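Student: Sharing a structure, written as structure tokens. Questions coming.
The values are calculated or read from the model by the stated rules, or taken from the named source; none is laboratory data. All values reported here derive from a predicted model rather than from experimental measurement. Glycine gets a Cβ as well: all are built from the backbone with ideal geometry, and neighbour counts include every protein chain shown.
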Amino acid sequence: MKNHSPLSQIYLDANATTPVLPQAAEAALNSMRVLFGNPSSSHITGLKAKDVMETTRNNAKKVIGADDGKVIFTSGATEGIQTAIISALVEAKKRLNIDKQDEPSKKYSLLYGATEHKAVPESLKHWNEILGINAELKAIPVDRLGHLDCQFIAAEAPNALMICTMAVNNETGVYQDLGKLEQIIRTANNDIFWMVDCVQALGKTPLKLAQTTIDYAPFSGHKLYAPKGIGFVYIRQSAPFTSIIAGGGQESGLRSGTENLPGMAAINVIFEMLLNQQHSEFANINTLRGYQTQLMDTLKSAFPDVVFNHSIENSVPTTINFAIAGFSSKEIMDLFDAANIRVSSGSACSSKVTRSFVLDAMGLPAWQSESAIRMSFGPAMTQEQVNAACSRIQSAAKALTHSCMILDTGEIDEKQPVNGLVQLRSGSNCTWVYADQQSKQAFIIDPLPELNDRLDTLLQCQQLELVAIIDTHGHADHQSGRTFLADKHLPTQQTNLLGWPQDCETHSSPNSPKHSPKHSPKDTNSVDDVQLQYIKIGQQWLVNVPTPGHTADSMSLLLCQPFTDINQIKHQCQFAFCGDTILMGSLGRTNFASSSASDMFSSLKRLHRLIGSNNLICASHDYNNEFTTHLSAECGRNPLLRNTLNGQLHVTEFERLKAELDSNLCDQNGSEIMCGALTDDQLNGQSIIEYNHQSLNAALQQENVTLIDIREPHEYALQHTDDSNENVPLTRLVQFIQQQQDQKQHKWVLVCRSGSRSFIAAQAMKRLGFDNVAHLKGGYALSS
Ligand code: PLP
């Protein structure tokens, strides 16, 4: 594989961790090889090691302005946070025992900022339980700027045992006014223990801890160019202390265990740079602010729809948190990774969508939280790196324009043509777009409102004429985006409520016994009597097949070559858009007011007769990343469907079994309205052939293997200078599967950035009979 980009990485994720500065690494190495002594040993090697340790401690104190108080070395900030919380709560418990004698019913709380790093509330909760304190944990709200609510603190602090705040937020860089907080806290409660998480403040904002009444302040080395595994905690002179690690009595008995001398030697280099700016690699605050402005200006010009999620005036200059309207954070992460810029989504993954609890707490709109991207750098950033980052950001935006994700009418002719079926998603909901490049016509099925702008951009950018925009049924779980796009692109088209055009044609089979009153769609076994409406797209027909059941208005839309006899459809059909009638691994639920299980029974049989077993079904939900299916695959794992289609089930039995399945629906996916009941015989679990880079290279030389890059076109364009492998983006996987129906035994190897998209795509293909499909485990990420 010679397709990986030669670009070196630009690392803009310093708030997660930083590389170790060469001088710091050198000092660590020296301490491992030369100054390797145990500081507890009384011989000269030990004394030299002890000197390194104490010099480092003194420098730490100078850097944080702690001429008074203790500095204890730890493994990192999480340990420092435990030290602070245990120390405070052990003492609080003693006081509580005394207070309880006077006021047995008094309720106590533990306060923490709502935007705190998870290490803080989780540790509070943990030690509150372990120590049996049973105080109530209360999150201090923040305002739109991310500032703590002082009124809340003033009201709650009198009954609180401990308050935990942070100097600088790790997602947004927002800093708190510690002087103002101190005044509020101490006025409300002079005895409360106060911890300030200073992890993201070190080296980015001046600290004078001994001039404050902060009791505890944890720090971490790996956020500022020292290695992982070294940190320290400041403890105010008068603050209580309980050791959390007992043993050989190191660190004056405060934290036992042989000290991490290499870590200390390395962090000492960083302290010296902070203390001696002239001889330092570190840029000053003004220079860093200039870098921030340059990056923000570039983002604004590259992505006109960018919004910044925090105010720059109250943030450190090294963090930029932004969102781009219409793009999820995952999409921007993938794009930037392809441009070799490392950023973070600044978010925690919840069960359904990725979103930021910090931005949620600040009350930002949901989309900003779901699309948040954090760019962060440290004081060792250089002008050269900033320039390179800006130029990569511009290339990334250009790649998006080229693949019609952003509209730029100036370059309309250079766009990559979209031909065939595209599957767009929002969560587990799907929208299907079909474009016929020859006629320049397109239709859209089940448009989701959150995709309106993207669909509009695609149509305009590809200069496509929209012929229809249709919902397969009235959706219970989400709004349709139909009217927005219909008003814009089809203002005069007359349609029914779901968007089916009135101006359509009707096909009746030549041998049909015209409308026999004996036959209703419910009880017939023949499709000869069905008159089907269709519209034309290019040379093809989009045929409307009423398939009531999930809802009374449900229809399926079949994209076919023109046919003369309805019985030919199964040979002429490309895709069957079945809405919620048949979902992957399940059938649409039939317990809505307008549902009918017996209608669904008939609709399933009708669909089977029309499309047969192997035509691809495109559903309006994809709960398990399976992309598409066909009846043969579904019957293999869905006994209800199998027994319905092979005639072993009577309609009344179907109704009973279906009701039983539907009654379990709510338990299956939390608060989401599930549109289909999953069956017992579940999903995925396909064993896939996995290659690593070596075995793949060997296979490529020896066998007839085709490599498929399944990243989106803009990612592909940013990384490929040749076209040594094919690009089949995930959004076009269904089209690819359709085109390769007679190549099922071929050896396809799917590749993506990290191996996760290639894995799910390979599973989907394997389920549909592509027995030799394989993927590259770990993706391109592990190849460089
Ligand atoms: N606090 C903040 C604000 C942080 O950003 C982090 C790390 O992400 C931590 C605490 C935990 O630090 P460590 O990784 O050193 O345990």
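Student: Go through 88, 60 for me and flag whichever is touching a strand residue (DSSP E or B) at 6+ places or on another chain (Cβ under 9 Å), assigned by TED's automatic domain parsing to the domain that holds residue 215 and more than 16 Å from the ligand (Cβ to nearest atom). Don't jump to the end; show me each part of the working.
Tutor: On the way: 60 fails: more than 16 Å from the ligand (Cβ to nearest atom).
After applying the criteria, what remains is 88.
Student: Does the range 591-605 include one or more residues that are in contact (Cβ under 8 Å) with a residue 60 or more places away in the chain, in a strand (DSSP E or B) and not charged (D, E, K, R)?
Tutor: no
Student: Got a number for residues in the range 459-482 being assigned to a strand (DSSP E or B) and either under 28 Å from the mean Cα position of the chain (by Cα) or surrounded by fewer than 19 Cβ atoms within 10 Å (Cβ to Cβ) (or both)? Full working, then the answer.
Tutor: The initial filter retains those residues of the range 459-482 that are assigned to a strand (DSSP E or B), namely 465-470.
Right, trim to either under 28 Å from the mean Cα position of the chain (by Cα) or surrounded by fewer than 19 Cβ atoms within 10 Å (Cβ to Cβ) (or both) and you get 465.
Counting residues in the range 459-482 that are assigned to a strand (DSSP E or B) and either under 28 Å from the mean Cα position of the chain (by Cα) or surrounded by fewer than 19 Cβ atoms within 10 Å (Cβ to Cβ) (or both) gives 1.
Student: Considering only the range 184-203, I want to know if a residue exists there that is within 16 Å of the ligand (Cβ to nearest atom), among the acidic types (Asp, Glu) and free of Cβ contacts under 8 Å to residues at least 12 places away in the same chain.
Tutor: no
Student: Then there's this: With the condition kept exactly as written, say whether any residue in the range 3-23 is over 30 Å from residue 138 (Cα atoms) and in a helix (DSSP H, G or I).
Tutor: Within the range 3-23, one or more residues are over 30 Å from residue 138 (Cα atoms) and in a helix (DSSP H, G or I).
Student: Right, here's the next one. Could you please give the count of residues in the range 256-277 that are part of a loop (DSSP other than H, G, I, E, B) and touching a Gly at 6+ places or on another chain (Cβ under 9 Å)?
Tutor: 4
Student: Of all residues in the range 204-242, which are among the small types (Gly, Ala, Ser) and touching a residue at least 24 places away in the same chain (Cβ under 8 Å)?
Tutor: Taking the range 204-242 as the starting set, the residues that turn out to be among the small types (Gly, Ala, Ser) are 210, 217, 220-221, 226, 229, 231, 238-239.
The answer is 210, 217, 220, 221, 226, 229, 231, 239.
Student: Sticking with this structure for a sec: Being closer than 26 Å to residue 151 by Cα, of a type outside the set (A, V, I, L, M) and surrounded by 15 or more Cβ atoms within 10 Å (Cβ to Cβ) narrows it down to one of 211, 250, 200, so name that one. Break it down into steps so the answer makes sense when it comes.
Tutor: Working: 211 fails: surrounded by 15 or more Cβ atoms within 10 Å (Cβ to Cβ); 250 fails: closer than 26 Å to residue 151 by Cα.
After applying the criteria, what remains is 200.
Student: Could you grab me the full set of residues in the range 215-229 that are in contact with a strand residue (DSSP E or B) (Cβ under 7 Å, 6 or more places away or on another chain) and within 15 Å of the ligand (Cβ to nearest atom)?
Tutor: Step one: list which residues in the range 215-229 are in contact with a strand residue (DSSP E or B) (Cβ under 7 Å, 6 or more places away or on another chain), which gives 215-221.
216, 217, 218, 219, 220, 221 - these are the residues of the range 215-229 that are in contact with a strand residue (DSSP E or B) (Cβ under 7 Å, 6 or more places away or on another chain) and within 15 Å of the ligand (Cβ to nearest atom).
Residue-wise test of (1) more than 27 Å from residue 41 (Cα to Cα); (2) modelled with pLDDT under 95; (3) touching a Gly at 6+ places or on another chain (Cβ under 9 Å); (4) of a type in the set (Gly, Ala, Ser).
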site	(1), (2), (3), (4)
190	yes, no, no, no
197	yes, no, yes, no
207	yes, yes, yes, no
213	yes, no, no, no
216	yes, no, yes, no
231	no, no, yes, yes
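Student: Take the range 64-85 and flag every residue that is more than 16 Å from the ligand (Cβ to nearest atom) and crowded, with 21+ Cβ neighbours inside 10 Å.
Tutor: Pass one, the range 64-85, residues more than 16 Å from the ligand (Cβ to nearest atom): 65-70.
Correct list: 66 only.
Student: Which one of these is away from the ligand (no atom under 16 Å from the Cβ), in contact with a helix residue (DSSP H, G or I) (Cβ under 9 Å, 6 or more places away or on another chain) and free of Cβ contacts under 8 Å to residues at least 60 places away in the same chain: 110, 47? Before you say what the answer is, go through the steps one by one.
Tutor: Values: 47 fails: in contact with a helix residue (DSSP H, G or I) (Cβ under 9 Å, 6 or more places away or on another chain).
Sole residue among the options that is away from the ligand (no atom under 16 Å from the Cβ), in contact with a helix residue (DSSP H, G or I) (Cβ under 9 Å, 6 or more places away or on another chain) and free of Cβ contacts under 8 Å to residues at least 60 places away in the same chain: 110.
So that you can scan it fast, the table gives a plain yes or no per residue for (1) at pLDDT 95 or above; (2) assigned to a helix (DSSP H, G or I); (3) in contact with a Cys (Cβ under 7 Å, 6 or more places away or on another chain); (4) buried (at least 17 other Cβ atoms within 10 Å of the Cβ):
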site: 380; (1), (2), (3), (4): yes, no, no, yes
site: 393; (1), (2), (3), (4): yes, yes, no, yes
site: 401; (1), (2), (3), (4): no, yes, no, yes
site: 411; (1), (2), (3), (4): no, yes, no, no
site: 417; (1), (2), (3), (4): no, no, no, no
site: 432; (1), (2), (3), (4): yes, no, yes, yes
site: 447; (1), (2), (3), (4): yes, no, no, yes
site: 457; (1), (2), (3), (4): no, yes, yes, yes
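Student: Please work out which residue is nearest to the ligand (Cβ to nearest atom), limiting yourself to the range 122-171 and to residues that are among the charged types (D, E, K, R) and more than 26 Å from residue 316 (Cβ to Cβ).
Tutor: 125
Condition check ((1) farther than 20 Å from residue 50 by Cβ; (2) outside the structural domain of residue 68 (by TED's automatic domain parsing)) across all residues:
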| position | (1), (2) |
| --- | --- |
| 239 | yes, no |
| 247 | no, no |
| 261 | no, no |
| 265 | no, no |
| 268 | no, no |
| 271 | no, no |
| 274 | yes, no |
| 288 | yes, yes |
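Student: Before we move on, is residue 289 at negative phi, surrounded by fewer than 22 Cβ atoms within 10 Å (Cβ to Cβ), under 36 Å from the mean Cα position of the chain (by Cα) and more than 16 Å from the ligand (Cβ to nearest atom)? Spell out how you get there, then give the answer.
Tutor: Numbers: at negative phi: yes; surrounded by fewer than 22 Cβ atoms within 10 Å (Cβ to Cβ): yes; under 36 Å from the mean Cα position of the chain (by Cα): yes; more than 16 Å from the ligand (Cβ to nearest atom): yes.
Against the criterion (at negative phi, surrounded by fewer than 22 Cβ atoms within 10 Å (Cβ to Cβ), under 36 Å from the mean Cα position of the chain (by Cα) and more than 16 Å from the ligand (Cβ to nearest atom)), residue 289 qualifies.
Student: Out of 24, 28, 49, 88, which single residue is under 22 Å from residue 197 (Cβ atoms) and modelled with pLDDT of 95 or more?
Tutor: Numbers: 24 fails: under 22 Å from residue 197 (Cβ atoms); 28 fails: under 22 Å from residue 197 (Cβ atoms); 49 fails: under 22 Å from residue 197 (Cβ atoms).
Result of the check over 24, 28, 49, 88: 88.
Student: Let me ask something else about it. Go through the range 613-666 and count every residue that is outside any helix (DSSP H, G or I), among the hydroxyl-bearing types (Ser, Thr, Tyr) and under 16 Å from residue 549 (Cβ atoms). Before the answer, list the steps.
Tutor: Filtering the range 613-666 down to residues outside any helix (DSSP H, G or I) leaves 613-630, 638, 646-650, 663-664.
This time we only want the ones that are among the hydroxyl-bearing types (Ser, Thr, Tyr), so: 613, 620, 623, 628-629, 663.
Add one more test, that the residue is under 16 Å from residue 549 (Cβ atoms), and what stays is 620.
Of the residues in the range 613-666, 1 are outside any helix (DSSP H, G or I), among the hydroxyl-bearing types (Ser, Thr, Tyr) and under 16 Å from residue 549 (Cβ atoms).
Student: Got at least one residue in the range 253-264 being among the acidic types (Asp, Glu) and within 14 Å of the ligand (Cβ to nearest atom)? Step through it out loud before you land on a result.
Tutor: Within the range 253-264, the first condition is being among the acidic types (Asp, Glu), and the residues that meet it are 259.
Adding the requirement that they be within 14 Å of the ligand (Cβ to nearest atom) leaves none.
No: zero hits.
Student: Hey, among the residues in the range 230-243 that are away from the ligand (no atom under 14 Å from the Cβ) and of a type in the set (A, V, I, L, M, F, W, C), which one's surrounded by the most Cβ atoms within 10 Å (Cβ to Cβ)?
Tutor: 235
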